[in-house]
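Step one of this worksheet: look at the structure below.
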Amino acid sequence: MQNKGIIKLFALLFGLVSIYQLSFTFKANQIEANAEQAAIVKYADTEEDYQTKRNIEEARYLDSLKTSKIKVGDNFEPIEVYNLGVAQYTYADVENNAMNLGLDLRGGINVILQISVKDILKGLANKSKDPVFNKALDDADELQKDSQDSYLQSFFTAFDAIKGDTKLASPDIFANRTLSDEIKFDMSDNEVKSIIETKIDESIVSAFEVLRKRIDKFGVTSPNIQRLGNSGRILLELPGAKDIERVTDLVTKTAQLQFWETYKTQEVVPYLLEVNQNLVEANKSKKEKEEVADVADDQEEAASDAIDELTGQIETDSTNVAEVNPLGIQGYGNGGSVVGMFLSKDKEKVMEHLNSSKNRASLPAEMRYVKFVWGLQNEESEFSELYAIKGNRDGEPLLSGDVITGADQDYDPLSRPAVSMQMNSKGAKIWEEMTKKAYETQGNIAIVLDNTVYSAPSVSSGPIAGGRSQISGSFSLTEAVDLANVLRAGKLPASAEIVQSDIVGPSLGQEAIDSGMKSFMIALAFVLLWMIFYYGKAGGFADIALMLNILLIFGVLASLGAVLTLPGIAGIVLTIGISVDANVLIFERIKEELAKGKSQKESVKDGFSNALSSILDANITTGLTALILFVFGTGPIKGFATTLIIGILTSLFTAIFITRLLVDWYVNRGGKLDFSTSLTKNLFTNVNIDFLKKRKIAYAFSGALILASLGSLFTTGLDEGIDFVGGRTYQVRFDQDMSVEEVKNDLHAVFESAEVKTIGGPNQLKISTKYLVEDSSTEADEKVESLLFETLRKYLPEGMTYAEFLDGSGDKAIGKMLSSKVSPTIADDIKKSSIWAILGSLVVVFLYILFRFKKWQFSLGAVAAVFHDVLIVLGIYSLTWRFMPFSMEIDQTFIAAILTVIGYSLNDTVVVFDRIREYFNENLGWKLNTTINKSINSTISRTLNTSLTTLVVLLAMFLFGADSLKDLLFALIVGVIVGTYSSVFIATPIMYDTAKKSNVAEALKNKVKEEAEEA
């Protein structure tokens, strides 16, 4: 082998760089373990809400390492946590260089947000009241339920269908003052459509930037945010995020900041009393008529008595409070902006009564646009403050958050967390006018964010010039930081809904790491021992190359900043099988050369040379399917494809170059390699089976399997997961073994439809429901989770709270461990992309084999075998999913398995085809069937060896790995078995039956000549 020195240097440098890169991961794990231990020491598990406190303390510990500085000489420098001698690193450096773990290993949240194009259109049309415009919006909503078009396209379609003489360039729609510079009255609809498309795209880009800025400030490691095509969807991945509710609020808030003038207490109290009295009268009318005492003659006396009674100045019978105070007034403000106090639990009821059209009809004319808003809720109080702001006909505030140019977390004069803001010149002018009026009238200005009053300060020192203002209220430091981030980043141009989500608790992530590493080590140990058992010393050299291969895979992942996911670990384990396959191909060829009587050096040289074509073809076909999976996959599936692609490349390097270096070194120093042991020396050496003669039996057997599969697919069908049908899924762990049927019946009574399966163990259930499937709002998510908790409460530990259930990640790890949500629209998209991924892989494979072998018969045989394998895997899933003790849902993970099966099946088939082509060139006098049979027999050792090794590796992962991977691994196990069978009994026989001997032989001879000339 030439250039050995360069290869040695490259391998050494590559290995050292990988070790250096991985050292940051080990150091980061050590620091995080110290932070976790410090939090455990500070908060015992006997404290209330100890897990939340520990999470906050752990985050504070790590944040202090990032931000704190120590005095070094005359300067203050960041804290050094890692010293390599030649370089020193801070925790921020260590964290940035450590390997990124996906949310299935670390816990966290992965969501796809849908930016509301409908909201953007309304904004561009200045909230037009035009009936045609609004009807088109409603019709677009209906079209979207069964369409793959974007919302904008559906709107255009709906508008064209009903527009009549109405134009998009109407002054009541898009030719308004806001867009007057771009849209003219005389423009055609097509011209306007082009402008609107641009505006929509700009708005979505704006939303993307707002979200990116918010997430950058959130403080998680390696957040990922990317726009998905032109659909208005944005992918957001936050591995390690523990406060899921905080994340959800952060990414879905539109941040509608508004400034309103307020009414004073005394201006609104008469209305509150009147509404209360109306309720009293309404309640009386429902009861039997009875004589009641006369009420006071005038309203003033009645109001005075009611106030005295409600504030405790008159003794009342507590059992009679509901009769005299049905509105639930608990108190009043002191003449300022707070108009009333109510119990927090009554807020919805109170607002319903205050806003009823019957009651509002009695409001004075100057108050007809009053808007009632609740103040920011103090978590430690059971009361809520009610404000009344001075609305207007358009419902638009005098000043909004658009004018904010900067925002920072600050503290108010009482040292409470606050947010300071700076406005632009336009906002500063309006703000000065508002504060001047408030000062002169001794009024208040309510600062309202997302329909909640954060504060309503009075102005005591005259008009405020310069545009500076502050929001203060009863919120925590974390809330103040988040609010400043939201305001600084800007408001979303439209509402954002979570249409797909995966939420994994930290403890489940740790369990996945533990089980993944355990299965990985078992699989690795078997492979290492097997190679030595089968190939002796040469197997030991292959093991060294394999260990380097694994080091390089992890090193490359860390260097590229790629994310390691649980399927990614499965991809690495599968890579072990690929790496072994390359070495098996090489060693089997060397054994053939030795059997021909060649010297050891010559046999090694020719063995490596002759195996190269098969190795490259097999790995390229697998790599192509992995590449398609990378393009179409998301989240963990993309992680699986990433590790598979990296593993293929490093396997080629280590098998072709490193194993060759080690074997050459040993042979050149006089060592003897038999490439076998006493137990395996003559194994598969004299195999002479007429495989083609048995092809009709194979056809009949496969035909029966395919018919059974098709029959089951058309009758029983498949267990389609929420990825394909939409819905919500929860993985819940209990402290006792559960009855699936009992839980299913309970959930059916609440959700109408629910699927319940055991996953992992009898105390863990996977619950899926389509309840509120069309509603992607966070309110719907909370409602489903609340109903789930209430239904399962009797099975949970006594005293478990709703918050503890949602945080099923405490020491007991009881409660919700994982949740996923997929909207129907997303589900349709996933289903279509999955179909295209499989069809695309088949087309790519057909074209590659046609390119390599120059005959369509080879391509047909390969694709037929792959189609055969996919159908049988689907059939087995259809036949067995009802009684298997693990989830067998058809989802994105299953599609990943199918594509991997396609790659593996092709791997086997291409090796056989390569040998057929080679034998054609070497044995021109052989008949076609003889050539094919000899080719299959000569590769049978490699086929069985590789398949057995891969199967054992997959079985180790299946038996000892994470529960969430069992469906992926089961499909791979079935696929390896079926793929091995089809490469021998389907692909090659079909090629034989469809080819004419002369044409095939001639094509192969020419191909070999071309390769010889190129070499």
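Computed quantities for the displayed model
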item: Residue selected from segment 112-149 under the condition surrounded by 18 or more Cβ atoms within 10 Å (Cβ to Cβ), under 31 Å from the mean Cα position of the chain (by Cα) and among the small types (Gly, Ala, Ser), by the criterion modelled with the lowest pLDDT; result: Ser116
item: Members of segment 549-594 that are part of a helix (DSSP H, G or I) and of a type in the set (Ser, Thr, Tyr); result: Ser559, Thr575, Ser579
item: Selection status of Tyr666, farther than 30 Å from Leu228 by Cβ, aromatic (Phe, Trp, Tyr) and more than 47 Å from the chain's Cα centre (by Cα); result: yes
item: Elements of type helices (runs of 4 or more DSSP H) in segment 1-97, at least 2 residues being exposed (fewer than 15 other Cβ atoms within 10 Å of the Cβ); result: 4-42, 50-67
item: Within segment 595-648, tally of residues that are out of contact with any Asp or Glu (no Cβ under 8 Å at 6 or more places or on another chain), outside any helix (DSSP H, G or I) and closer than 30 Å to Trp665 by Cα; result: 3
item: Considering residues of segment 38-87 that are of a type in the set (Asp, Glu), under 17 Å from Ala241 (Cβ atoms) and modelled with pLDDT of 75 or more only, the residue nearest to the chain's Cα centre (by Cα); result: Glu58
item: Any hit, segment 573-582, residues being at pLDDT 85 or above and either surrounded by 23 or more Cβ atoms within 10 Å (Cβ to Cβ) or not aromatic (Phe, Trp, Tyr) (or both); result: yes
item: Residue list for segment 322-343, filter: among the hydrophobic types (A, V, I, L, M, F, W, C), touching a Phe, Trp or Tyr at 6+ places or on another chain (Cβ under 9 Å) and surrounded by fewer than 17 Cβ atoms within 10 Å (Cβ to Cβ); result: Leu343
item: Conditions (1) crowded, with 18+ Cβ neighbours inside 10 Å; (2) touching a helix residue (DSSP H, G or I) at 6+ places or on another chain (Cβ under 8 Å); (3) part of a helix (DSSP H, G or I); (4) modelled with pLDDT under 80: number failed by Val247; result: (2)
item: Hits in segment 308-331 (condition: touching a Leu at 6+ places or on another chain (Cβ under 8 Å) and either assigned to a loop (DSSP other than H, G, I, E, B) or at pLDDT below 85 (or both)); result: Asn325, Pro326, Leu327, Gly328
item: Qualifying position, being of a type in the set (A, V, I, L, M), closer than 20 Å to Asp869 by Cα and part of a helix (DSSP H, G or I), among Ile830, Ile849; result: Ile849
item: Restricting segment 711-745 to residues that are closer than 10 Å to Leu879 by Cα and in contact with a Gly (Cβ under 7 Å, 6 or more places away or on another chain), the residue that is surrounded by the most Cβ atoms within 10 Å (Cβ to Cβ); result: Ser712
item: Segment 547-561, residues that are over 20 Å from Leu528 (Cβ atoms), surrounded by fewer than 20 Cβ atoms within 10 Å (Cβ to Cβ) and of a type in the set (A, V, I, L, M); result: Leu560
item: Among residues of segment 838-874, those that are crowded, with 23+ Cβ neighbours inside 10 Å and of a type in the set (Gly, Ala, Ser), counted; result: 4
item: Residue tally, condition in a strand (DSSP E or B), over 30 Å from Ile986 (Cα atoms) and not hydrophobic (A, V, I, L, M, F, W, C), over segment 706-761; result: 10
item: Failed condition for Ile404, given (1) at pLDDT 80 or above; (2) aliphatic (A, V, I, L, M); (3) under 34 Å from the mean Cα position of the chain (by Cα); result: (1)
item: Candidates Leu652, Leu644, Leu662, filtered to the one that is of a type in the set (A, V, I, L, M) and surrounded by fewer than 20 Cβ atoms within 10 Å (Cβ to Cβ); result: Leu662
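Yes/no matrix, rows are residues, columns are (1) under 28 Å from Glu720 (Cα atoms); (2) among the polar types (S, T, N, Q):
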{"residue": "Val912", "(1), (2)": "no, no"}
{"residue": "Trp926", "(1), (2)": "no, no"}
{"residue": "Thr931", "(1), (2)": "no, yes"}
{"residue": "Thr949", "(1), (2)": "no, yes"}
{"residue": "Asp967", "(1), (2)": "yes, no"}
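The values are calculated or read from the model by the stated rules, or taken from the named source; none is laboratory data. In this text the structure is predicted, and so the values were computed from the model without any measurement. For neighbour counting, all protein chains shown are included, and Cβ atoms are generated from backbone atoms with ideal geometry for every residue, glycine included.
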